[in-house]
Structure formats: structure tokens, C-alpha cells
Amino acid sequence: MRALLVEDSRAQRCVVRAMLKELGFEVVEATNGHDALRALEQSERPDVAVVDWNMPEMDGLEFIRELRRRRQFDSVRVVMATSETETSQIECALSAGADEYVMKPYPKDALRDKLVLLGVM
Amino acid sequence: MTAAVAEALPAYFDFVRRLVAERAAIVLDATKLYLVDARVMPVAARHGFDSIAAMVSAIRSRPFGLIHEEIIEALTTNETSFFRDVTPFEALKKTILPELIQKRGAQRELSIWSAACSSGQELYSIALMLRESFPTLGSWKVNLLGTDYSTQMIERAASAVYNQSEVNRGLPASYLVKYFQRQGLQWRLSDSIRTMTTWRRLNLIEPWSSVVAPMDVVFLRNVLIYFSPDDKKKVLAQVRKVLRPDGCMFLGGAETTMKLDDSFERFPCDGAVCYRLKGGCT
């Protein structure tokens, strides 16, 4: 199982990378949406992308919209993982193409539950 | 328990152990001393004692009362989450409910029970699934019952208010935006779902007849593991009486009826393990 982790905070990346590895994923990392699109082109297609919202250059929402325009990545499930907790923001992420949404901070079990819901575990 | 371990245990542990065994059928061995210390100390502090030992010496000879009740509540395990373990809900949705709906077409009535419901996520997961996937049941009489030993948990479940950590666990985001309203740091489930459910206090090792009517589906997950073999048998014997002949029971992943009650048989269903009464017609 492969995961693309898109997160600008080094500390947060470190925590989520460890969670994904413990859950059995190989992890490719990117620090913003542009990096993530490059990583998608250059590495093997991931089963899931775990995406932060607020990032420099290209934020998570823009990245998800761009990802969903590229039909070859239709099978990639997307979890938006962010500190944004308003209902309208969750709706916005889902309509942009996120399949699931988890609010920071979250433990490994919450991430695992989301990945199970999406059928990637 | 070895003599050496027993000697090392504080005297209050034996009082607490007997109390929860007699009243709630929960088995605590010596390895659970840390659990008793962590969970019962807040009860002692709340009642003005500076230690569990002081509280136990004060209540040891008193008749069963509020403090005894609070000690038991503190030691019941309340781990739960929305759609926990997923597969029982998949089985319910794909196979069990479609079959039951067909069979109950004349009566148009269904009853589902979440025993040991804790803070209620299991029963609300079922209610959400019914609302989303079985719109025909809108015109049926659907009884969704949640019971728990803990009055505090029953009150929490009935309130249908959850914090961020709880709605983060297992609840599809699409359900969160559709059925929950954010109130500060809490999320309140909509009345349209909440009012589908009924909540009652029930000690599983006491008679159920006044609380539990005949059931089509029983969720009895992750509760038998805390009981002694004799109490497991007593609970399963009562399930046998309330489960309809073509009904179905879900246990936790580490639980079984084997060597406890021969009247149940296990059958695989959409990745879940279900139990039915032998000779039933599921």
C-alpha cells in the first residue's frame, strides 16, 4: 500500500509519516500541492493521498481539484487532514473531490478508521 | 492470582474487585491494579477522600450506595466509535437487513438492540445507516434500543453530543456535514436521527424482561470478554430468550458462544461473523 503525504509542516509530516508507516504504507512526501503533483507524475501511483489544507504555493484544496481533473488518478482516494473544522469547509473539501476529512489533531486510530472507510486498508 | 502477587496487592483492591464482580460481573485480575488506581481515585477525590484506601475503609461496612455505584461506573469500559470494525455494519446493510425487511413486510416492524452501548455511537451508526440506505423503513415501526450499565453513559448517549475526537473516529465526513451541527467544540446529532432511538439503563447480569422486547438484531460486542464464563452463559441464555428465531447477533472479534451456549451457531456474512439460533431460518 502506498500513500502520498502532502503537508508543509515538518513536525506534522513526521507524525503522520510514522502513523502511515505503522499502518503498513510506503510513504512519499510533498510539502505543497505543486510538489505533490510532481511526485504523482514521478512515483508509482498511491492508493491514498493524505492532504493538509493550508500550504504555500498550492494549497490542499487546489491540489485536490487539480488531482480530480487528471482522470488517470481517479482511483487515488483522498483524505483532507486539516485544522479547519467548520461544516462549510468540510463540505467545500468534499465537493472539491476529497473522499474523507479528518480534523487535526487526530490519533492514528482516527486515520486508520478513515482509511478503512475508503477501502484502502 | 499467585500468592506473591496477592500479597503485594493493597487491601482496597480486593474490596473493589469483589464489588464489580458481584454487581456488574466484571472480572478484574491483579494486572488491573493500575486501572483501579487510575479510575477510582477521581471517585475518592470527588467524595473528599485523599486515597482509595480511605474511601474503601469508610464505605466497607455501609450498604450499597452512591459511592459503590460510582466505583462500578468508573470501571466499566467505554471504548466505542462510530461504525466500529465496519464489517458488522456492512453485513447488516448488505445481507441481514434486506432479508429481514423482506420477511417482516407484513408486520412492518424491526427491533435492533445495542447492548452495552456506552456513549451511543454504535446505535447511532445503525440509525444513520437505516436513514441513508433504507428509506422504505421510514414508514415502518423501527425500535432502536441502547442499554448500558452506566447511567452516566446512558445520559451521554441520549444527549447525542460528541466532541471532535469522537466524530473523527469512523464517522463518514458526508454524514458529519449532513446530520451533525457544530456547537463550539461539540457536534450535536440532528433530532431526526436522535429521536429514532431509545436509551435505558440495564445490568446485563440481571433479568431483562422489563427492558428488552423480542429483537431482530442484537449487537453484544466487546462486553462478554469482561465476564466470567458463568456470567457469559447467563447473558447468552437471556439473549436466546429475546432473539427472534430468524434474528441475528453480533459479538466482538475476540468473543464466541463456543463452549458457552450450544444453541447458537456462527455463520460468515460479508466479512463479519454473525450468530443465529440453531434451527432458525436466516
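The values are calculated or read from the model by the stated rules, or taken from the named source; none is laboratory data. Small disclaimer: the values here were computed from a predicted structure and weren't measured. Positions of Cβ are backbone-derived with ideal geometry, glycine not excepted, and every protein chain shown enters the neighbour counts.
Yes/no per residue for (1) of a type in the set (Phe, Trp, Tyr); (2) under 18 Å from the mean Cα position of the chain (by Cα); (3) farther than 20 Å from B:Phe89 by Cα; (4) away from chain A (no Cβ under 14 Å):
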{"site": "B:Lys178", "(1), (2), (3), (4)": "no, no, no, no"}
{"site": "B:Ile193", "(1), (2), (3), (4)": "no, no, no, yes"}
{"site": "B:Arg201", "(1), (2), (3), (4)": "no, yes, yes, yes"}
{"site": "B:Ser209", "(1), (2), (3), (4)": "no, yes, yes, yes"}
{"site": "B:Val218", "(1), (2), (3), (4)": "no, yes, no, yes"}
{"site": "B:Ile225", "(1), (2), (3), (4)": "no, yes, yes, yes"}
{"site": "B:Asp230", "(1), (2), (3), (4)": "no, no, yes, yes"}
{"site": "B:Lys234", "(1), (2), (3), (4)": "no, yes, yes, yes"}
{"site": "B:Arg244", "(1), (2), (3), (4)": "no, no, no, yes"}
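Across the stretch B:89-117, what is the total count of residues that are free of Cβ contacts under 8 Å to residues at least 24 places away in the same chain and of a type in the set (A, V, I, L, M)? Even if it seems obvious, please write down each step before you answer.
Just the residues of the stretch B:89-117 that are free of Cβ contacts under 8 Å to residues at least 24 places away in the same chain, to begin with: B:98, B:102, B:105-107.
Within this subset, residues satisfying the condition of being of a type in the set (A, V, I, L, M) are B:106.
Qualifying residue count for the region: 1.
Among the listed residues A:Pro56, A:Pro46, which satisfies the condition of being buried (at least 18 other Cβ atoms within 10 Å of the Cβ), assigned to a loop (DSSP other than H, G, I, E, B) and more than 14 Å from chain B (Cβ to nearest Cβ)?
On the way: A:Pro56 fails: buried (at least 18 other Cβ atoms within 10 Å of the Cβ).
Every option except A:Pro46 fails the conditions.
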Let me confirm something: among A:Glu41, A:Glu62, A:Glu100, which residue is closer than 17 Å to A:Leu4 by Cβ and at pLDDT below 95? A:Glu41
Condition broken by B:Pro135, with the remaining ones in (1) farther than 25 Å from A:Val116 by Cβ; (2) touching a strand residue (DSSP E or B) at 6+ places or on another chain (Cβ under 8 Å) satisfied: (2)
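Within the group A:Val48, A:Val28, which residue is within 14 Å of the chain's Cα centre (by Cα) and within 24 Å of B:Pro172 (Cα to Cα)?
Numbers: A:Val28 fails: within 24 Å of B:Pro172 (Cα to Cα).
Among A:Val48, A:Val28, only A:Val48 is within 14 Å of the chain's Cα centre (by Cα) and within 24 Å of B:Pro172 (Cα to Cα).
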Filter result for B:Ser81 (within 14 Å of chain A (Cβ to nearest Cβ), at pLDDT below 95 and in contact with an Asp or Glu (Cβ under 9 Å, 6 or more places away or on another chain)): yes
With respect to A:Val15, determine if the residue is touching a residue at least 24 places away in the same chain (Cβ under 8 Å) and either β-branched (Val, Ile, Thr) or closer than 24 Å to B:Ser165 by Cβ (or both). no
Could you count how many residues in the stretch A:77-121 are more than 9 Å from chain B (Cβ to nearest Cβ), more than 23 Å from A:Ala11 (Cβ to Cβ) and in a helix (DSSP H, G or I)? 3
Can you tell which of A:Leu5, A:Leu40, A:Leu20 is surrounded by 18 or more Cβ atoms within 10 Å (Cβ to Cβ) and within 10 Å of the chain's Cα centre (by Cα)? A:Leu5
Across the stretch B:161-176, what is the number of residues that are farther than 26 Å from A:Gly97 by Cα and within 10 Å of another protein chain (Cβ to nearest Cβ)? 0
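If a residue counts only when it is of a type in the set (D, E, K, R) and within 23 Å of B:Leu220 (Cα to Cα), which helices (runs of 4 or more DSSP H) contained entirely in the stretch B:1-84 have at least 1 such residues? It would help to see each step written out before you state the result.
Working: elements: B:3-8, B:11-24, B:33-46, B:52-59, B:66-75.
Result: B:11-24, B:66-75.
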Of the residues B:Asn168, B:Asn163, which single one is crowded, with 20+ Cβ neighbours inside 10 Å, in the same structural domain as B:Arg188 (by TED's automatic domain parsing) and free of Cβ contacts under 8 Å to residues at least 40 places away in the same chain? B:Asn168
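Going by what's in this entry, would B:Ile101 be described as away from every other protein chain (no Cβ under 14 Å) and either assigned to a strand (DSSP E or B) or buried (at least 20 other Cβ atoms within 10 Å of the Cβ) (or both)? Spell out how you get there, then give the answer.
Numbers: away from every other protein chain (no Cβ under 14 Å): yes; either assigned to a strand (DSSP E or B) or buried (at least 20 other Cβ atoms within 10 Å of the Cβ) (or both): no.
Spelling it out, it is not the case that B:Ile101 is away from every other protein chain (no Cβ under 14 Å) and either assigned to a strand (DSSP E or B) or buried (at least 20 other Cβ atoms within 10 Å of the Cβ) (or both).
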Restricting to the stretch B:126-160, count the residues that are surrounded by fewer than 19 Cβ atoms within 10 Å (Cβ to Cβ), among the aliphatic types (A, V, I, L, M) and within 14 Å of chain A (Cβ to nearest Cβ). 1
Answer with yes or no whether A:Glu29 is in a strand (DSSP E or B), of a type in the set (D, E, K, R) and either modelled with pLDDT of 95 or more or within 17 Å of A:Ala96 (Cβ to Cβ) (or both). yes
Can you list residue pairs whose Cβ atoms sit under 8 Å apart, with the first residue in the stretch A:73-96 being farther than 16 Å from B:Gln164 by Cα and the second being part of a strand (DSSP E or B) and of a type in the set (Ser, Thr, Tyr)? Count only pairs 6 or more apart in sequence or on different chains. A:Val79/A:Tyr101; A:Ala93/A:Thr82; A:Ala93/A:Tyr101; A:Leu94/A:Tyr101
Checking B:Gly146, B:Gly120, B:Gly65 in turn, the sole residue that is in contact with a helix residue (DSSP H, G or I) (Cβ under 9 Å, 6 or more places away or on another chain) and at pLDDT below 95 turns out to be B:Gly65
Which pairs turn up if I take residues in the stretch B:266-281 that are in a loop (DSSP other than H, G, I, E, B) and look for partners that are among the hydroxyl-bearing types (Ser, Thr, Tyr) with beta carbon separation below 8 Å, at least 6 apart in sequence or on another chain? B:Asp270/B:Thr87; B:Asp270/B:Thr95; B:Gly271/B:Thr87; B:Lys278/B:Ser263
Is it true that B:Ile112 is in contact with a Phe, Trp or Tyr (Cβ under 9 Å, 6 or more places away or on another chain), part of a helix (DSSP H, G or I), crowded, with 22+ Cβ neighbours inside 10 Å and away from chain A (no Cβ under 14 Å)? no
